[in-house]
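Asks: Attaching a single structure in structure tokens format; questions to follow.
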Amino acid sequence: MTTRETKQQKFGKEAFVNAAENNKDQFILQVVLEDGKSYTREEVAKLVKAWKDKEVKQ
């Protein structure tokens with residue numbers, strides 16, 4: 001089995017928020033992740049990147 005074929009471990013929103021290194025990262029995770037849903041690290045990275053890349057509207 002290759003690495004891609006192995007199932008990636010998923011974690012809930014709370015696990016990612018608690019593992020965040022600082023308050024800024026915790027805030028971003030609170031915004032982009034949904035309660036009751038599980039994510040892989042890769043999925044979270046993509047969601048955070050998409051949120052950070054959004055254009056700021058004035």
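Asks: Checking the table LYS7/LYS52; LYS10/LYS54; LYS37/LYS57; LYS24/LYS46; LYS24/LYS54 against a 19 Å threshold on Cα-Cα, which pairs fail? Don't skip to the end; give the middle numbers.
Replies: Numbers: LYS7/LYS52 27 Å; LYS10/LYS54 25 Å; LYS37/LYS57 28 Å; LYS24/LYS46 17 Å; LYS24/LYS54 17 Å.
In this structure, LYS7/LYS52; LYS10/LYS54; LYS37/LYS57 lie more than 19 Å apart at Cα.
Asks: How many percent of the alpha carbon pairs in region 11-52 exceed a separation of 16 Å?
Replies: Tail of P(r) above 16 Å: 21 percent of Cα pairs.
Asks: Using θ = phi - 60° and the Karplus form 6.51 cos²θ - 1.76 cosθ + 1.60, what ³J(HN,Hα) does each residue of region 41-58 get, whole Hz, x for Gly and Pro?
Replies: Values per residue, Gly and Pro as x: 4, 5, 4, 5, 4, 5, 5, 5, 4, 4, 5, 5, 7, 4, 6, 7, 9, 9 Hz.
Where a number appears in this text, it was derived from the coordinates with a stated rule and is not lab data. Since the structure is predicted, the reported quantities are computational estimates derived from the model, not experimental observations.
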